[in-house]
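The structure appears below as structure tokens.
The values are calculated or read from the model by the stated rules, or taken from the named source; none is laboratory data. Quantities reported herein were computed from a predicted structural model and do not represent experimental measurements. Counting neighbours? That spans all protein chains shown, and the Cβs are built from the backbone with ideal geometry, glycine included. Keep in mind that these areas ignore ligands, DNA and RNA; they rest on the heavy atoms of the full protein, side chains included. Shrake-Rupley method; radii C 1.70, N 1.55, O 1.52, S 1.80 Å.
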Amino acid sequence: MTAKRGLITDSFKVVKKERRGGKRKKSPTPPPQEEDVTETVRDEELQKLRQFDLDWRFGPCTGISRLQRWDRAKLHGLNPPEEIRDLLLQTQDEPEYDLNLWSEYPF
């Protein structure tokens, strides 16, 4: 029988090198700014309105504003969400909230 051969690295001593700068300290993450929170709320509101635009249960949305569409759906007994109407009435002056998703496309 032959003797068991080891790896060539078995004959060398293992040495760990130190880092040049020593251990790194983690810096704490800064708290979120108020603008980010405001933008997040705005994005969530616009996302809800886009979902309302894409929901065909309330009728077509081309050629009319979101509030007109909500009123029409209510008139026909389609039970549109009240939170959408409240949101539209609060932000009535802003065209980004008032105009539907398809308003920028020519028909």
Residues located in segment 71-84, provided they are closer than 13 Å to Phe52 by Cα and either touching a helix residue (DSSP H, G or I) at 6+ places or on another chain (Cβ under 8 Å) or assigned to a loop (DSSP other than H, G, I, E, B) (or both): Ala73, Leu78, Asn79, Pro80, Pro81, Glu83, Ile84
Lone qualifier among Asp55, Asp93 - being surrounded by fewer than 16 Cβ atoms within 10 Å (Cβ to Cβ) and over 22 Å from the mean Cα position of the chain (by Cα): Asp93
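Every residue, every condition in (1) part of a helix (DSSP H, G or I); (2) open to solvent by 100 Å² or more (accessible area, probe 1.4 Å); (3) among the aromatic types (Phe, Trp, Tyr); (4) out of contact with any helix residue (DSSP H, G or I) (no Cβ under 7 Å at 6 or more places or on another chain), yes or no:
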{"residue": "Lys25", "(1), (2), (3), (4)": "no, yes, no, yes"}
{"residue": "Thr29", "(1), (2), (3), (4)": "no, yes, no, yes"}
{"residue": "Val41", "(1), (2), (3), (4)": "yes, no, no, yes"}
{"residue": "Arg69", "(1), (2), (3), (4)": "yes, no, no, no"}
{"residue": "Asp86", "(1), (2), (3), (4)": "yes, no, no, yes"}
{"residue": "Leu89", "(1), (2), (3), (4)": "yes, no, no, yes"}
{"residue": "Tyr97", "(1), (2), (3), (4)": "yes, no, yes, no"}
{"residue": "Leu101", "(1), (2), (3), (4)": "no, no, no, no"}
Long-range neighbours under 6 Å by Cβ, at least six apart or interchain, first residue more than 12 Å from Phe58 (Cα to Cα) within segment 74-103, second open to solvent by 50 Å² or more (accessible area, probe 1.4 Å) and outside any helix (DSSP H, G or I): Trp102/Thr62
Residue match in segment 63-71 (condition: out of contact with any Asp or Glu (no Cβ under 8 Å at 6 or more places or on another chain), farther than 22 Å from Tyr105 by Cβ and of a type in the set (Val, Ile, Thr)): no
Of the criteria (1) open to solvent by 80 Å² or more (accessible area, probe 1.4 Å); (2) at negative phi, which one Leu78 fails: (1)
